Amino acid sequence: MPPSHWPARAPRFLFPLLAVAAAAAIAGCGVFQPSADAPNAPIARRIAALQPVDALLLGEQHDAPEHHVIEREAVEALATRGQLAALALEMAEEGRGTAHVAPTATEAQVQAALDWSDKAWPWASYGPAVMAAVRAGVPVIGANLPRARMKDAMADVSLDAQLSGEAYTAQQEAVREGHCRMLPESQILPMTRIQVGRDRAMAQAIVKARKPGQTVLLIAGAGHVVRTLGVPQHLPDDIKVATVRLMAAPATAEVVPGEYDKTWRTPPLPEKDYCAELKRPVKAQPTAQPKS
């Protein structure tokens with residue numbers, strides 16, 4: 001029944017207006033989407049909101065399964081739009097890549113091309129993102145400093161000048177924390193040089209893979225993509241870069257302003273003391289008793 005203040009029969013001109021209003025309301029419901037910064041926004045929408053950039057750096061927590069899902073979706077989002085210049089990986093060494101691998105290659109062939117270490121980087125975690133790029137005909141490139149060059153990096157004093165004094169001091173502190181404060185102080189400087197060398201190698205890989213109008217996507221640990229310390233510090237000024245931290249932590253976890261352009265939170269993982277195993281004293285092996 002209509003409200004009592006309506007006329008018993010509505011004027012004819014009201015019907016078209018009501019129909020238009022109803023159609024607009026229905027259409028409005030159909031096109032509503034959350035903001036690109038909303039926690040439930042699709043990854044493709046978040047990626048699009050960061051464009052245009054020459055390089056997009058995703059900083060992951062290596063053992064967070066949700067982060068590997070996001071990485072695959074990021075590859076697919078950029079590739080679908082024809083915007084993915086290359087997928088660069090901390091998980092493979094500089095000089096390795098899939099440039100000569102067909103889009104129809106098997107996973108075993110792709111792993112061989114990248115000289116993949118499944119023990120260090122489980123293929124089950126990273127394979128979906130890698131194969132999404134391969135299937136799209138996009139090169140996957142190793143970006144990390146080769147292990148064979150790390151010893152030289154430890155003695156390379158030129159790496160000490162790659163960051164400002166304040167940033168280099170902060171990087172040394174990050175190395176201490178990253179090694180559970182168990183490294184002898186004499187090893188802090190050499191290990192910091194390796195970290196800087198790795199960041200510089202990843203930056204150089206991005207520069208080599210760069211293509212006008214497209215984006216190089218780098219997947220690396222969160223520490224490598226910190227704006228003030230990591231890969232962005234080694235990129236030329238003419239490369240526009242966006243950095244995203246993937247963060248599997250409670251909503252109350254602190255985010256340091258300025259370290260990343262965006263922080264995408266994912267469900268927190270169970271709390272784990274990564275240093276506990278290293279700090280646990282090694283049990284002495286029982287001494288063999290001579291046979292009587």
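The values are calculated or read from the model by the stated rules, or taken from the named source; none is laboratory data. Everything numeric here is computed off the predicted structure, so don't read it as measured data. So basically every Cβ, Gly included, is an ideal-geometry build from the backbone, and we count neighbours across all protein chains shown. Accessible surface areas use protein heavy atoms only, side chains included; no ligands, DNA or RNA. Shrake-Rupley method; radii C 1.70, N 1.55, O 1.52, S 1.80 Å.
Tabulated data for the structure shown
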quantity	calculated
Ser117/Ala251 FRET efficiency (R0 22 Å; Cβ-Cβ; nearest 0.05)	0.05
For the stretch 193-279, the Rg and Dmax computed from alpha carbons only, in angstrom	15.1, 49
Sorted peptide list for 226-232, 34-40, criterion being average Cβ within 10 angstrom, highest first	226-232, 34-40
Simple spin-label estimate for Asp37 and Met150 in nanometres, 7 Å along Cα-Cβ	3.9
Pairwise Cα inverse-distance average, inverted: Kirkwood Rh of the stretch 123-178 (Å)	14.6
Charge tally in the Cβ shell below 12 Å around Glu71, where Lys, Arg are +1 and Asp, Glu are -1, Glu71 excluded	-4
Highest to lowest packing among 79-86, 136-143, 50-57, scored as the average C-beta count within 10 Å	136-143, 50-57, 79-86
Part-to-part distance (alpha-carbon centres) for the stretch 106-141 and the stretch 165-218, which is given in Å	23
Debye, to nearest 20: dipole size of the stretch 72-214, +1 on Lys, Arg Cβ, -1 on Asp, Glu Cβ	360
For Asp37, net neighbour charge (Lys/Arg +1, Asp/Glu -1) across residues whose Cβ lies under 13 Å away	+3
Largest to smallest accessible area among His234, His62 [probe 1.4 Å]	His62, His234
Within straight-line cross-link reach of Lys279, lysines at Cα separation under 28 Å, skipping those fewer than 8 residues along the same chain	Lys119, Lys151
Environment charge at Arg210 (Cβ cut-off 12 Å; Lys +1, Arg +1, Asp -1, Glu -1)	+1
Modelled label reach - Ala170, point 7 Å along Cα→Cβ, the stretch 212-228 residues with backbone N closer than 16 Å	222-228
Pair Ala124, His179: separation of 7 Å Cα→Cβ label points (nm)	3.2
